[in-house]
Number of protein chains: 2
Amino acid sequence: MRVLGVDPGLTRCGLGVVDGTGGRQVACVAVGVVRSGIDLPVDRRLLVVATEVERWIARHRPDVVAIERVFSQHNVRTVMGTAQASGVVALVAAKAGLPVAFHTPSEVKAAVTGAGRADKAQVTTMVTRVLGLAEAPKPADAADALALAICHCWRAPMMARMAEAEKRASELAKVHKAKLAALQRERLAAARKR
Amino acid sequence: MRVLGVDPGLTRCGLGVVDGTGGRQVACVAVGVVRSGIDLPVDRRLLVVATEVERWIARHRPDVVAIERVFSQHNVRTVMGTAQASGVVALVAAKAGLPVAFHTPSEVKAAVTGAGRADKAQVTTMVTRVLGLAEAPKPADAADALALAICHCWRAPMMARMAEAEKRASELAKVHKAKLAALQRERLAAARKR
């Protein structure tokens, strides 16, 4: 499975492509960052990000796009730009017919370092080690994008199993409800006969 | 000037097209709402919104797209979806080569009703009156989109004048700084001669 990980942003948008074999083996295919000038209007900045993500999808042909889920605990203005960028990346993936998965920063940190509250340096160190890179990917946004892609490779089988289990549980619940309803009808019919 | 006003959202995205004559005269060209199912993944919902906005731009050929600026004081999850939708709408406009303007909810309310804290009902009433509509546009998101477009028609000339004034002021400041620097150099040269 080939994953394009995206750490969304307007000033710097991290992009990382990782191949996963299904086990814990992961390999780095490409890593980089898209920048857009703060002097440009927001819509043109979003266009810069979208165009580059389109290029990366065409060049690396990922099976899925993993995007960091944005939260609003930080600076409001920055977060809005980040959310807009994440929407644009999701749109580009949807247009390319690719599935999109969102992972929270703590899910990514927990998957890669084992601790949901790891700092940026720890994430970069683990990404460098896990992918067997000669040097740490820079800037941090690029390392984060790789971390997202690794996180998806490792979480995807579990997420698929959970979705399967939920589906089965809901089917069982449906059968159970139908049985209960039938029992109720039988009882009512028996009560009427008496 | 023809304006496409967009009240961004995933569940309901309001769209309204208004023609402005430059004065206070405005006419309604089209109004509607795009809905996307909450059972769809976010990326597919964004695709629904983007596709419909593309269609509206192709059909109505606006000169500019006015989008409501999203703030994060409300429900975090909803706001993120709204911000993503606003990013996608801005991207679609940029791809079509159209300028994009953002207006805050209070700018829109102030422009249309005269009060920045007007409620939804007041906005709808004023939009209906100003555009001379036989009945109030529904749902509220559609009325809000028209309000945004009207707001842009009325604010655009002022915004253009302000941008022009700012540009002139910054040019004057540059000239002034250059004069000060020249004066400083003259003084230093005179001091050295003494």
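Laboratory data are not the source of any read-out in this text; all were calculated from the coordinates shown. Only a predicted model underlies this, so the values are computations on that prediction, with no experimental measurement involved. Glycine gets a Cβ as well: all are built from the backbone with ideal geometry, and neighbour counts include every protein chain shown.
Could you run through segment A:105-156 and say how many residues are hydrophobic (A, V, I, L, M, F, W, C), in contact with a strand residue (DSSP E or B) (Cβ under 9 Å, 6 or more places away or on another chain) and part of a helix (DSSP H, G or I)?
Residues in segment A:105-156 being hydrophobic (A, V, I, L, M, F, W, C), in contact with a strand residue (DSSP E or B) (Cβ under 9 Å, 6 or more places away or on another chain) and part of a helix (DSSP H, G or I): 17 in total.
Which condition number does A:Ser170 fail, the rest of (1) in a helix (DSSP H, G or I); (2) more than 14 Å from every other protein chain (Cβ to nearest Cβ); (3) more than 18 Å from the chain's Cα centre (by Cα) being met?
Tallying (1) in a helix (DSSP H, G or I); (2) more than 14 Å from every other protein chain (Cβ to nearest Cβ); (3) more than 18 Å from the chain's Cα centre (by Cα), A:Ser170 fails exactly one: (2).
How about segment A:84-104: which of its residues are more than 8 Å from chain B (Cβ to nearest Cβ) and in a helix (DSSP H, G or I)?
A:Val89, A:Val92, listed by residue number.
A:Val108: in contact (Cβ under 8 Å) with a residue 12 or more places away in the chain, of a type in the set (Val, Ile, Thr) and facing another protein chain (nearest Cβ under 9 Å), yes or no?
No, not satisfied.
Exactly one condition in (1) more than 14 Å from every other protein chain (Cβ to nearest Cβ); (2) surrounded by 19 or more Cβ atoms within 10 Å (Cβ to Cβ) is false for B:Gly9; which is it?
Tallying (1) more than 14 Å from every other protein chain (Cβ to nearest Cβ); (2) surrounded by 19 or more Cβ atoms within 10 Å (Cβ to Cβ), B:Gly9 fails exactly one: (1).
Out of curiosity, is B:Glu164 within 14 Å of another protein chain (Cβ to nearest Cβ) and among the charged types (D, E, K, R)?
Considered against the rule, which asks whether it is within 14 Å of another protein chain (Cβ to nearest Cβ) and among the charged types (D, E, K, R), B:Glu164 comes out as no.
Give segment B:15-67 a look and list any residue that's part of a strand (DSSP E or B) and within 12 Å of another protein chain (Cβ to nearest Cβ), or say none.
Passing the criteria: B:Val64, B:Val65, B:Ala66, B:Ile67.
Any residue in segment B:147-158 that is at the interface with chain A (Cβ under 10 Å from one of its Cβ atoms) and under 12 Å from the mean Cα position of the chain (by Cα)?
No, segment B:147-158 contains no residue that is at the interface with chain A (Cβ under 10 Å from one of its Cβ atoms) and under 12 Å from the mean Cα position of the chain (by Cα).
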